[in-house]
Each structure stands twice: as structure tokens, then as C-alpha cells.
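> Dumping the structure here so I can ask a few things about it.
The values are calculated or read from the model by the stated rules, or taken from the named source; none is laboratory data. Because the structure is predicted, anything quoted here is derived from the model rather than measured. Every residue, glycine among them, receives a Cβ derived from its backbone with ideal geometry; neighbour counts consider all protein chains shown. Please note that ligands, DNA and RNA were not included when accessible areas were found on the heavy atoms of the full protein model with its side chains. Shrake-Rupley method; radii C 1.70, N 1.55, O 1.52, S 1.80 Å.
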Number of protein chains: 2
Amino acid sequence: MDERKKKVLLAIVKDFISTAEPVGSRTIARKYQLGVSPATIRNEMADLEEMGYIEQPHTSAGRVPSDSGYRYYVDCLMEKQTLGEAEKEYIRQRFSKRIREIQDVINVSAELLSEMSNYTSLIMGPYQKSERIKQVALLPLATDKALLVAVSQSNAVSNYLLDIPPSLTEADLERITRVWNSRLKGVAMAEIGKEVLDDIYQELYAYRKVIQAIVDVLLGDGDQSAGGHISLSGALNIFNQPEFKDLDKVRGILELLESPDVIREILANSPETGLSIKIGGENQVEGINECSVVTATYVVDGELMGHIGILGPTRMDYAKTVTLVETMAQQLREVLSKLYE
Amino acid sequence: MDERKKKVLLAIVKDFISTAEPVGSRTIARKYQLGVSPATIRNEMADLEEMGYIEQPHTSAGRVPSDSGYRYYVDCLMEKQTLGEAEKEYIRQRFSKRIREIQDVINVSAELLSEMSNYTSLIMGPYQKSERIKQVALLPLATDKALLVAVSQSNAVSNYLLDIPPSLTEADLERITRVWNSRLKGVAMAEIGKEVLDDIYQELYAYRKVIQAIVDVLLGDGDQSAGGHISLSGALNIFNQPEFKDLDKVRGILELLESPDVIREILANSPETGLSIKIGGENQVEGINECSVVTATYVVDGELMGHIGILGPTRMDYAKTVTLVETMAQQLREVLSKLYE
DNA sequence: ATTAGCACTCAATCCGATAGAGTGCTAACA
DNA sequence: TGTTAGCACTCTATCGGATTGAGTGCTAAT
């Protein structure tokens, strides 16, 4: 892979990303100064095609990057980009209001990501398990039902209806709450292990069933199945992409995005740390083989809180998308840390 | 409007609803036994067109019902329909589980409506204002923040973050809660008028600011702007409609449906009681002039709780849709009444 | 009043010609 | 040996014209 081939590949990828049209040798020679004639470029292109980096939709069309072409671009050719001052200012401004609980932060982030990228943004989290309990309360609703209210460090509130033995009085509930709060304030959900519980059991042996129910509900899939809340924004941006001018394709994608489980799967197999870029067929999830996904995680206090990502066509503006995802993950870390202090 | 014209119009509407193709005189003569020749039907059709009930996409095409044509069909020609036993059973079965709080009921209803109609279902409610308060609680989160938890008669839980004066102690909060619950249990939100409040103010004069904040948040747009929660299901069903095989049309509708406010507007101007059918241009909302909306309200205990509706193309199966909406509104009334007892 | 017959209209479909973009190959050139 | 100009070739997209077929409106006969 000599220098000139790289330049040609870079030109093809860039041009195709911005025009969505197969790019020919003449175009490259004209728009990108390589100092060689179209014929030479054609030779290089033939080589690149043989290497699998580009392909031809049909004999007399220009070349289009293949998945591996994009991969090579992303790994070796792409120049880092940084957000403009105006964009940074816009982000700051959007984060400057309405931030009381974590869900506000998540929603704003999702909107920002999709607005600024023109693709679809996905955010998963915060994960119940990495949250610290700030407070719980049990409100009696009926003789056999109570409402469990759990507030996390980040002011996320969860409610669960609990079935309780009718014998429990209001005073009982208050006592459970009092003990629980005194022992478990600030403890991460995941750490509510047996040791901690034993402590409480000792004191509240009579109520062990209720305690167990509370633990189950807090740890388990009380709210959502594994993976926390899903926010999605800009799903309809896919209508902007010329490669999705086909009704069935659009429908397929939109149907996938309707399922939180699919979104969890899309986001889930990205690494714990750093950025992940999945290009076209690299995606495990069936049905988004013409899409790429850029994901990152956000971490607070050393705990993995969730994943964020952008989904767009394989012909996405990787440089910009990567910058956006990175910036936003960073923003999330900062804003959430403040919220947690 | 003689008898035969009605028959011809009915045939046109029915045929177009089921085939989505303009219907010609020959088709009518063949498929619907009117005992007359195509030529006669053509004459009737010319008359019907002059009356504005049908129109021609172009000279050599068949006829298509106009908005007024559908209107006449709905008002005068449509035969009532009733759900099959299998369908009723399916509804019963879907309602037989997971019903603990009102939102469960709403979600199941929305899914059922869209599944069974193949159109898009919209549900608004329950309205905060018609809910009765079962219980409130104030949990201290920080020195200047408290969580207000309000549980309604139907076990709907709402959470609000309140800013409170740092001077308030935990005991203060408990006292407010106790007085509030003893005075206002079972009172409808809308009835928290000045008289009731005066009563509380008297007892808790020192806390009047907090009380006022609570009232504001419960009554006002604490949660959503006027109109309660919005559930939507089956938005992608419009991909099934041949008249929406155009990307831009689909996009337009889907964009509208992304906005809760638009949905509120669509549902809002339907009458307090009974069924409403808005056909095409009869809809006030810009952008759904090629759609029809069938709506009804659900009422519990004499209180208007919310609106439900189905949105589909003007060429919708009105008979079936009406039956579905009516059935579901009835179901909602029943299930919710049980939930409230 | 109804109907058969017929001329007419118009969208949709198919077909062939054309234009244009782009390639690969060959031969010439530095 | 690498580069380039030239050229024949391929394939898609587009456009116009002919054809088809469904359906109408009108007229004249029943």
C-alpha cells in the first residue's frame, strides 16, 4: 500500500462520503491534486479494487468504498477533527438549563447528537446497577400493596409496586425504610451483596420477605431488562440519506429502532473503554448491514454508567461523527459528575 | 339521492376501501349485483360526481370517494359491525395480565388498537386533573431539594423535584405530608380549590410556600403540558398503505407523530362524549389531510380521563375502526373502574 | 329509463435510440 | 519501468414514441 494508493483511496472515500455518487478517475484527478493523470489513477484503482478496498456498482460506474475501504480509512487515513467554537458554544448552551436529574442530561445529549450529526443517536443507561442509592421510601397504598420509591445519587427516581403481606402496618414500613436508609445510603446497587443484607436481616428478621422483594426489584429487571433506559433521537434522519430512498429499507431500519432490545444489542458489544466503530457488515445485528455505528461509554466515578452511539449509513462522515461522540461522552462524564457531587 | 345512487356510492366506497384502486362502472356491475348495466351506473356516477361525493383522478380512470363521499358513507350507509368472538377473546386475554397501574392498561390498549386495526393508535391521558390523590410523600434529597411523590387512585405515580427552603427539616416535611394526606386523600386534583387549601394553610401557615409549590406542580404542567401522557403505537403501519408509497408523505406523517403536542391537538378537538370521526380535510391539524381520525373518550366515575383514537388513511375501514375504538373505550372504562375500586 | 355501441382520453408500459460517464487496454513516451 | 494519451467498449439513465388497456361520455336504439 504505497503512498499514492493511500491518497487515491482517501480521495475516493472523502468524495463518496460527501457526494454519495460513485467516483471516477477523472473526478479524482480534477478535484484532488495528485499530480498524475486519470489513467494512472485508473491503474491504482484497479489495484485497490483487487485489494478489496473499493468496488464497482457496475462496469461503467465509478468506484465506491467497500466496508474494508472504510475500515482502512478510519484506521489509517482519517484526520482527527475538532468541533468549531460555535458548535461547542451551542452544546454548552443546551446543557446550561433544565439539568436536575440524570434523565434530563440523557435527553439533551440524545437530541444534540442527532441534531448535530444528522444521523440517529442512541443512548443507553444509566445502569441501575452502577447507581448509588441515595434514599428509598415505602409508601403504603393498600393493605397488600406498597410503593417502593428509590432515588439514586443522580436523582433518578424509580417506582415499583410491591406486593406486601397484609399484616405489615405503616409503622412497619417506616421502620424498614429507616433501617434500610441508615445502612445502605450511598451504596451501589451492585454492592448490595449478601454481607450487607445479613446486617439488615439481623435487625429486621421478621421482614425478610419484603426486604428480599425490595432487593430483587432494585437489582433485577424491575424496570427494564438488562441495560437501563433507552433514549433515541433523530430516527427520521435516515430519510435524509440518498442510499435510503427505498421505502422498504427505511421501514426495516425504523422497525429495528422501535425495539429497545435491538438498540441494547447494537450498543452492547462495544468495548468498555474508548471508542468503537462498527462498519456495515461488522455489525452483528441483522438488518443494519448498510449502517455504521460509532459508540462510546460514559463513566462516572469509575463506574460504567452507559453507552452512547450514533447510527448512520456506512457512507457516514466518520471524522465528524467520531468527534461528536467523543465530545458528548466527555460532556456526559463532566455534567454527571457535577450532578453526583 | 335515490336508492340506487346510494347503492352505487356504497359499492364505490367499499370497493375502494378494500382495493385502493379507482373503481369503474364495469367493476361495480360485475361485483355488486345492482341489476343494471355499466352504462346506467355510469350515468349515476356522473350524478354522484356532480354532487361531490366521488371524483376522478383523471379522465380515463375509475371513481374515488371524496371526503364528502366518505362522510355520507359514514353517516348514512355504513353498516355497524361487531367484533368476532376470536377477537374479543384476544382482547380479553391481553388484558388479563400485567395490570397493576393505569399506564399498563393504556399501553396494552394502544398496542391492541394498532395491531387489530393495522393503523396508528393514539391514546392521551389519564388527565392529571381528573385523578384523585391517594397519597403524597415528600422525601428529603438535599438541604434544598425534596422529591414529591404523588400516587393517584389508579396507582399512577408521579415524581417531581421540588426546590425547598433549606430551613425545612425532615420533620417539617413529614408534618406537611401528614396533614396533606389527612385532608386531601381521595380529592380530585381539580377540586383542590382555594377553600380546601385555606384549611391546610391555617394549620401549616409557616409552610405556605412549599404547599403552594406542591399545588402548582400537581395542577400545572408539572409533568406534561396540558393533556396528560401520550401513548402511540403502530406508527409504522402507514408503510402498509399504498397511498403512502411516497417517501415524503410518510416522512411528513411520521414527523408529525413525533410531536406529542400535535397528537394532543389531533385528539383534543373531539367531543366530550361519544365517537368522533374526522375525515381528511375535516381535520384541523395541518399535514394529516389525507388521513382520517376516529376518536372516543374514556370516562371513569363520571370524570373524563382521556382520549383514544386511531389514525389511518382516508381510505380506512371505517366500520371496523369504529367498532374497535368503541370496544376499546368501553374496555378502558371497565378495566379502569375495577382498578379504581 | 335503460342499454349497446363507439369514439375518445389518458396513464402506464414497453421499446429502441441516444447520451454520457467511466473503464480497461494498448501503444507511445520519458 | 512508470506514466500517459487515445480509443473502443460497456453499462446505466433518460427520453420519445408507440402500444395497450381501462374507463368514460355521448348517441342512438330499445
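> Can you tell me which residue is farthest from B:Ser276 (Cα to Cα) among those in the range B:67-118 that are open to solvent by less than 20 Å² (accessible area, probe 1.4 Å), within 14 Å of chain A (Cβ to nearest Cβ) and among the hydrophobic types (A, V, I, L, M, F, W, C)?
Taking the candidates together, the pick is B:Ile102.
> Across the range A:1-23, what is the number of residues that are within 14 Å of DNA strand D (Cβ to nearest atom) and not in a helix (DSSP H, G or I)?
The number of residues fulfilling the criteria is 4.
> It is to be established whether one or more residues within the range B:178-201 are in contact with a Phe, Trp or Tyr (Cβ under 7 Å, 6 or more places away or on another chain), surrounded by 13 or more Cβ atoms within 10 Å (Cβ to Cβ), more than 14 Å from chain A (Cβ to nearest Cβ) and in contact (Cβ under 8 Å) with a residue 40 or more places away in the chain.
Scanning the range B:178-201, I find no residue that is in contact with a Phe, Trp or Tyr (Cβ under 7 Å, 6 or more places away or on another chain), surrounded by 13 or more Cβ atoms within 10 Å (Cβ to Cβ), more than 14 Å from chain A (Cβ to nearest Cβ) and in contact (Cβ under 8 Å) with a residue 40 or more places away in the chain, so the answer is no.
> Please list, ordered by first then second residue, the pairs with beta carbon atoms under 6 Å, 6 or more apart or interchain, first in the range B:245-271 and away from chain A (no Cβ under 13 Å), second assigned to a helix (DSSP H, G or I) and crowded, with 19+ Cβ neighbours inside 10 Å.
Hits for this filter: B:Val262/B:Leu256.
> A follow-up question, please. Tell me the helices (runs of 4 or more DSSP H) entirely within the range A:25-95 that contain at least 3 residues that are within 16 Å of DNA strand C (Cβ to nearest atom) and closer than 16 Å to A:Asp2 by Cα. Working first, answer last.
On the way: elements: A:25-31, A:38-51, A:67-72, A:85-95.
In the range A:25-95, the matching helices (runs of 4 or more DSSP H) lie at A:38-51.
> Within the range B:266-321, take every residue that is of a type in the set (Asp, Glu) and over 20 Å from B:Leu77 (Cα atoms) and give me the one that is surrounded by the most Cβ atoms within 10 Å (Cβ to Cβ).
Across the range B:266-321, the extreme among qualifying residues is B:Glu290.
> Something else now. Being within 11 Å of DNA strand D (Cβ to nearest atom), of a type in the set (Lys, Arg) and without any contact (Cβ under 8 Å) to a residue 60 or more places away in the chain narrows it down to one of A:Arg26, A:Arg92, A:Arg30, A:Arg63, so name that one.
A:Arg26
> Given the structure, is B:Ile123 closer than 30 Å to B:Glu265 by Cβ and of a type in the set (Val, Ile, Thr)? Explain how you work it out, then say what you get.
On the way: closer than 30 Å to B:Glu265 by Cβ: yes; of a type in the set (Val, Ile, Thr): yes.
It is true that B:Ile123 is closer than 30 Å to B:Glu265 by Cβ and of a type in the set (Val, Ile, Thr).
> Here is a further query. B:Glu44 versus (1) open to solvent by less than 20 Å² (accessible area, probe 1.4 Å); (2) under 18 Å from B:Met78 (Cβ atoms); (3) more than 9 Å from DNA strand D (Cβ to nearest atom): which is the lone unmet condition?
Going through the list (1) open to solvent by less than 20 Å² (accessible area, probe 1.4 Å); (2) under 18 Å from B:Met78 (Cβ atoms); (3) more than 9 Å from DNA strand D (Cβ to nearest atom), B:Glu44 breaks only (2).
> Any residue that is among the small types (Gly, Ala, Ser) and at pLDDT below 95 - is there at least one of those in the range B:122-135?
Among the residues of the range B:122-135, at least one is among the small types (Gly, Ala, Ser) and at pLDDT below 95, which makes the answer yes.
> Of everything in the range A:133-171, what is in contact with an Asp or Glu (Cβ under 7 Å, 6 or more places away or on another chain), within 7 Å of chain B (Cβ to nearest Cβ) and of a type in the set (S, T, N, Q)? Give them in sequence order.
The answer is A:Asn155, and nothing else.
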